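Visitor: I'd like to ask you about the structure that follows.
The values are calculated or read from the model by the stated rules, or taken from the named source; none is laboratory data. Please read all numbers here as calculations on a predicted model, not as lab measurements. Here the Cβ positions follow ideal geometry from the backbone for every residue, glycine too, while neighbour counts run over all protein chains shown. With ligands, DNA and RNA removed, areas are computed over all heavy atoms of the protein, side chains included. Shrake-Rupley method; radii C 1.70, N 1.55, O 1.52, S 1.80 Å.
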Amino acid sequence: MSAEKNMKKIEKKKKDLKDPDIRKVFVVGHKNPDTDSIASAIAYAYLKNVTDERCFVPMRAGHVNQETEYVLKHFGIKEPD
């Protein structure tokens, strides 16, 4: 699948996130999330959003530590809810 098609799918999924009638699948790491847990949830949700029809949302199960905040800020990625 081309990068352009992937981006179109992602843009559609962003609209789906705001629709309360669309069922969402939450992708969550472990209870005290570290960088690999948060990054894995973000990456897996992205992968599933471009390969599956459902809407996948990365989430976190606890507070993000300073290292993870730094990494997300460095790469310009929004912290999961």
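Visitor: May I ask you to compute the full-extension gain from LYS8 to GLU79, defined as 0.36 nm times their residue separation minus their alpha-carbon distance, rounded to one decimal in nm?
Guide: So the chain would gain 23.4 nm between LYS8 and GLU79.
Visitor: Right, another one. At 1.4 Å probe size, with every protein chain present, just tell me what the per residue accessible area of the chain comes to in Å².
Guide: Details: 6070 Å² over 81 residues.
Accessible area per residue, the chain: 75 Å².
Visitor: Anything in the chain that counts as a DSSP H helix reaching 15 Å or more along its axis (C-alpha) with Kyte-Doolittle mean of at least -0.5? List them, would you?
Guide: 35-51
Visitor: Let me ask something else. For the chain, with all protein chains present and a 1.4 Å probe, just round the carbon and sulfur fraction of the accessible area to a whole percent.
Guide: The value for the chain is 57 percent carbon and sulfur by accessible area.
Visitor: Please list, by residue number, every one of the trypsin sites (Lys or Arg not before Pro) in segment 44-81 that is coil in DSSP and has at most 11 other beta-carbon atoms within 10 Å.
Guide: LYS78
Visitor: Enumerate the residues in segment 51-78 having an amide nitrogen under 16 Å from the point lying 7 Å beyond the Cα of ASN32 toward its Cβ.
Guide: Answer for this model: 61-68.
Visitor: Same structure, new question: Past 19 Å, Cα to Cα, is the threshold; run LYS5/LYS78; LYS24/LYS48; LYS24/LYS73; LYS8/LYS48; LYS14/LYS78; LYS13/LYS78 against it and keep the listed order.
Guide: On the way: LYS5/LYS78 22 Å; LYS24/LYS48 12 Å; LYS24/LYS73 25 Å; LYS8/LYS48 14 Å; LYS14/LYS78 13 Å; LYS13/LYS78 16 Å.
Long pairs (Cα-Cα over 19 Å): LYS5/LYS78; LYS24/LYS73.
Visitor: Which GluC sites (Glu not before Pro) does the chain hold that lie in a coil by DSSP with at most 16 other beta carbons within 10 Å? It would help to have the intermediate numbers written out before the result.
Guide: On the way: sites: GLU4, GLU11, GLU53, GLU67, GLU69; in loops: GLU53.
Those that pass, being in a loop and sparsely packed, are GLU53.
Visitor: Defining a contact as two alpha carbons under 8 Å apart and six or more residues distant in sequence, what relative contact order in percent does the chain show?
Guide: Here the relative contact order equals 31 percent.
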